[in-house]
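Q: Please see the structure below; I have some questions.
The values are calculated or read from the model by the stated rules, or taken from the named source; none is laboratory data. Computed from a predicted model, the values in this text were never measured in an experiment. Backbone-built Cβ (ideal geometry, glycine too); neighbour counts: all protein chains shown. Remember, those area values only see protein heavy atoms, side chains included, never the ligands or the DNA or RNA. Shrake-Rupley method; radii C 1.70, N 1.55, O 1.52, S 1.80 Å.
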Amino acid sequence: MKRFLHIFILIFAVSGTVGCSYLDKEPDTEKTLKSVFDNSNDVYGWLGNVYSGIPDPYMGYSRHLGWEILGDDQTPSERWRQWDWGVIPFILGEWTPSSSWNGNYWAYLPQRIREAMIFIQNVHPLPEQGISAQEVAYMQAECRFLAAYYWYLLANTYGPVPFKPDYIAPTDFDLAELMEGQRPYYEIIDWCEQEMAAVAKILPARYTEARKYGRVTSIMCLAVRARMLLFAASPLVNGNPDYAGHVNRDGEHLFSLTADPERWSKAAEACRELIVLAEEAGHTLYVEQNANGTIDPFASCQNLFLTRFDEGNKEILFARPGGCDYTEYEKHICPTAAGGSGGLGVTQSLVDAFFMRNGLPIDDPESGYVEEGFSVSDDRRGNDWETDCNNGATTAAGTYNMYCNREPRFYTAVSYNGSYFWQEERPYEFFYGQQDNPHTHDAPQNGYLLRKKVSPDTNVKEGNFKYRPGILYRLGEAYLNYAEALNESAPGHNDILLYLNKIRERAGVRQYTAGATDNGHIHVDLADQETMRRLIRAERRVELCCEGIRYDDLRRWKEAETLLNGDFYGMNFSGRNEASFYVRTPYQTRVYKKSYYWFPIHQSEIDKNPKLIQNPYWN
C-alpha cells in the first residue's frame, strides 16, 4: 500500500507528509490498488476519505481552521492559545512564514485531491456487490467536484498555488520534475468553475435515499461555484494594484492587474442559476410560524441551524457529511458553572451591527437606540419563541438598554448579561465574581458569549447534546450573494431589493422599498450603488455572522486592514456591578498587516522548492 502511495504523490504535495488516513492503513496482508477497487467496502472507504477534507463549520471554523477567530464576529479567551487555538497569535500580529497552522491546507488538501484522482481512474462497477455503472458515474463526478472544491479552498487561502489538475505522477518520476511554481489565480478559479458547472450537469439535485445524505449534488456544486465567483469578482483579486509586482519565477503576473466588470456579471449569473435550480429542487428559506400563522422570526433564525434536512430544513444546500464537533463548540460557549469553558464570545462590533426592532441601524437618528440605563418593563412581542425565555418576554424589565428593542436575530446570536440561559432556566450573570464570570480564561472576556447555533435542549453538565446539521452553504446566503453581485453589475435592478427583503422578512425586520416610506417599509434609493452596497454588507454582517463567511468578506472587500486593526471592545470583564460592568472597555488589541490577506507559504516549503515565491508582503 505504501508503495503506490509514493507512486501517485501529487506535484503539489511533494514536500508534504502523508497524514493518518484510510490510505495509510496497511493491513497484515498488503493490498494492491486493484484489490482495493475490487472490494465495495474499500471503495466506499476510499470515497469517504476523499470527503474528509470538507471543513467542520463548528470547531473547525472556530478553533482548528480559525476562520471565525480571524474575522471580527467570534472572540475566544486569549489564553486559550496554550490549548491549541493556533490562530489566536495571528490576530495579535504574531504571524510569520514559519508559523504553524492547524488547518495546514498546503499539505492536507493535496492528499485529498490525489485520492480523488486515483479514485476516478480506478473505480469500476461491481454489480455483484451493489455498485452499478450509474453509481460509478456519480462517484466519479463527486470526486471531480471535491477535487475542484479543494483546489478552490487552496486558492482562497493562499492565492496562486502550484496547479496541475488531473495529474498523477508516473512510476518513474524524478523528484525535481514534481516541483512546480504558482500559477495565476484566475487560471485556478476558472478551471474550478468549469469543473463545478460540468459536474452539476451530471449529478442529481437531491437524493431520495437517506444513506446518501451529504453526498455531492448538483446544487452543492452550484453553491460553491457561486460563492467562489463572488470572491473572484471582488476588489482583492479583481484588478488589485497592490499585487502589480507579484509574479512567478517565469515572470507571469499571478493576479489580474485590470478590474474586469464582467467578473461581477458572471458571479450574478451563477448566483441566479443557483437560486432558480435550488428552488426548483424544493429548497426554500427555513421558516417557523406562530400559532396564528405569522412568521416567528426568533424560532426561524434559531432553529435554522438545529433542524435537519429530513425534518423540513430545505434551506440547506451543502452540509458536511458525517459528524461535526458541535459538542466542543457548545462546551466552549457554556459557562463554567454549568459544566462548560465559557470563553467563546462575540465582539462588541457584532453586537452593534444588529438592527433595531424597527429595522434601522443603531446609528440612525430614527432608530430609537438608547445605550445607557435600564428598561422599566418587559418587552413582549407575542411570538411562541418567547414562552421559553424570561417568563415569556424577549427582554425582562431591568435589562441594559443597549440590548433592548433589538431585532430578533440579535437575541438568537448573542448571550449578554441578563439574557436567558436555557440550560439552567435563569439569566446569565457576567459580573466579576458572579457564577458565570470566575475571572479566569474560562469566562466571557468582554461580557458576551456566543448563542448562535446553540441548542436550548443541550445540557453540557449532563453530557446531553442535540444533533444538528453542519451547514456550510444555505439558500439565505445565496440570496445575499445575488443581491451583492447584481448591485455591482447592474445597479438599480429590482431583484436586489427582492432578495434582500426575503431575508429581512424571515428575520422579522422592516423591509426596504424604492417607493415612499411607510410604517411597514424603509425607503431607499435603489439606483444609489454605494448606499445599496452599504445596506447589503450590513445585512450580510448580521444574517451570516458566525458562519465562516465574515473573514472572507472583509478580505475580498479589502476592509480587513481597517476593521481588524486596533482595539476591540466589550463590556468590562472586571466590573463587579452595573456602574463598572456596563462600560465600553478595550479587551484586546489586534494587528492586521497587508500581508495577512493571504496565508504565507510556510518557509520550509519555500526552502525545499526553488520554484515557489512567497506571498505578497510576507518577505
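Q: Exactly one of these conditions fails for residue 385: (1) part of a loop (DSSP other than H, G, I, E, B); (2) buried (at least 16 other Cβ atoms within 10 Å of the Cβ); (3) at pLDDT below 95; (4) not small (Gly, Ala, Ser). Give me its number.
A: Evaluating residue 385 over (1) part of a loop (DSSP other than H, G, I, E, B); (2) buried (at least 16 other Cβ atoms within 10 Å of the Cβ); (3) at pLDDT below 95; (4) not small (Gly, Ala, Ser) leaves (1) as the failure.
Q: Can you pull out every residue in the range 606-619 that is over 27 Å from the mean Cα position of the chain (by Cα), under 28 Å from residue 554 (Cα atoms) and open to solvent by less than 70 Å² (accessible area, probe 1.4 Å)?
A: 606, 612, 613
Q: Additional query: Might you check whether a residue that is at pLDDT below 95 and among the polar types (S, T, N, Q) occurs anywhere in the range 403-415?
A: no
Q: Looking at 129, 140, can you tell me which residue is surrounded by fewer than 21 Cβ atoms within 10 Å (Cβ to Cβ) and more than 21 Å from residue 197 (Cα to Cα)?
A: 129
Q: Where the second residue is assigned to a helix (DSSP H, G or I) and open to solvent by less than 30 Å² (accessible area, probe 1.4 Å) and the first is in contact (Cβ under 8 Å) with a residue 12 or more places away in the chain and lies in the range 394-406, which pairs have Cβ atoms under 7 Å and are six or more apart or on separate chains?
A: 394/386; 394/411; 395/403
Q: Does residue 191 satisfy being part of a helix (DSSP H, G or I) and closer than 28 Å to residue 611 by Cβ?
A: In short, yes.
Conditions (1) over 25 Å from residue 349 (Cα atoms); (2) at pLDDT 95 or above; (3) of a type in the set (Lys, Arg), marked per residue:
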residue: 423; (1), (2), (3): yes, no, no
residue: 430; (1), (2), (3): no, yes, no
residue: 435; (1), (2), (3): yes, yes, no
residue: 443; (1), (2), (3): no, yes, no
residue: 449; (1), (2), (3): no, yes, no
residue: 452; (1), (2), (3): no, yes, yes
residue: 467; (1), (2), (3): yes, no, no
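Q: Going through 428, 432, 473 one at a time, which residue ends up being among the aromatic types (Phe, Trp, Tyr), out of contact with any His (no Cβ under 8 Å at 6 or more places or on another chain) and farther than 20 Å from residue 549 by Cβ?
A: The conditions single out 428.
Q: Here's something else I'd like to know. Which of the residues that make up the range 56-81 are in a loop (DSSP other than H, G, I, E, B) and open to solvent by 10 Å² or more (accessible area, probe 1.4 Å)?
A: Answer for the range 56-81, where residues must be in a loop (DSSP other than H, G, I, E, B) and open to solvent by 10 Å² or more (accessible area, probe 1.4 Å): 56, 65.
Q: Same structure again: Limited to the range 554-604, what total is found for residues that are in a loop (DSSP other than H, G, I, E, B), touching a helix residue (DSSP H, G or I) at 6+ places or on another chain (Cβ under 8 Å) and among the hydrophobic types (A, V, I, L, M, F, W, C)?
A: Qualifying residue count, the range 554-604: 7.
Q: What pairs can you find where one residue is in the range 573-601 and open to solvent by less than 30 Å² (accessible area, probe 1.4 Å), the other is among the basic types (Lys, Arg), and their Cβ atoms are less than 6 Å apart, with a gap of 6+ or different chains?
A: 597/555
Q: Quick one: in the range 392-411, of everything that is under 12 Å from residue 359 (Cα atoms) and in contact with a strand residue (DSSP E or B) (Cβ under 8 Å, 6 or more places away or on another chain), which residue is most open to solvent (accessible area, probe 1.4 Å)?
A: Filtering the range 392-411 for residues that are under 12 Å from residue 359 (Cα atoms) and in contact with a strand residue (DSSP E or B) (Cβ under 8 Å, 6 or more places away or on another chain), the one most open to solvent (accessible area, probe 1.4 Å) comes out as 405.
Q: What number of residues in the range 514-531 are of a type in the set (Asp, Glu) and at pLDDT below 95?
A: Of the residues in the range 514-531, 1 are of a type in the set (Asp, Glu) and at pLDDT below 95.
Q: May I pose another question? When you check residue 38 against the structure, is it of a type in the set (Asp, Glu), open to solvent by 20 Å² or more (accessible area, probe 1.4 Å) and at pLDDT 95 or above, yes or no?
A: The answer is yes for residue 38.
Q: Sticking with this one: Please list, ordered by first then second residue, the pairs with beta carbon atoms under 6 Å, 6 or more apart or interchain, first in the range 85-114 and surrounded by 15 or more Cβ atoms within 10 Å (Cβ to Cβ) and assigned to a helix (DSSP H, G or I), second at pLDDT 95 or above and among the hydroxyl-bearing types (Ser, Thr, Tyr).
A: These pairs meet every condition: 105/157; 109/150; 112/150; 113/150.
Q: Does residue 328 satisfy being within 22 Å of residue 228 (Cα to Cα), within 19 Å of the chain's Cα centre (by Cα), of a type in the set (D, E, K, R) and at pLDDT 95 or above?
A: no
Q: Could you check the range 358-374 and list, in sequence order, the residues that are surrounded by 16 or more Cβ atoms within 10 Å (Cβ to Cβ) and within 26 Å of residue 71 (Cβ to Cβ)?
A: 359, 360, 361, 362, 367, 369 - these are the residues of the range 358-374 that are surrounded by 16 or more Cβ atoms within 10 Å (Cβ to Cβ) and within 26 Å of residue 71 (Cβ to Cβ).
Q: Find the residue count for the range 144-160, including only residues that are surrounded by fewer than 24 Cβ atoms within 10 Å (Cβ to Cβ) and over 20 Å from residue 51 (Cβ atoms).
A: 2
Q: Within the range 424-453, can you find the residues that are in a loop (DSSP other than H, G, I, E, B), charged (D, E, K, R) and farther than 15 Å from residue 578 by Cα?
A: 425, 436, 442, 451, 452, 453
Q: Could you pull out every one of the helices (runs of 4 or more DSSP H) wholly within the range 218-332 that has 3 or more residues that are buried (at least 22 other Cβ atoms within 10 Å of the Cβ) and free of Cβ contacts under 8 Å to residues at least 60 places away in the same chain?
A: 218-233
Q: Identify, from the list 503, 496, 536, the residue that is of a type in the set (A, V, I, L, M), modelled with pLDDT of 95 or more, open to solvent by less than 40 Å² (accessible area, probe 1.4 Å) and under 19 Å from residue 283 (Cβ atoms).
A: On inspection, the qualifying residue turns out to be 503.
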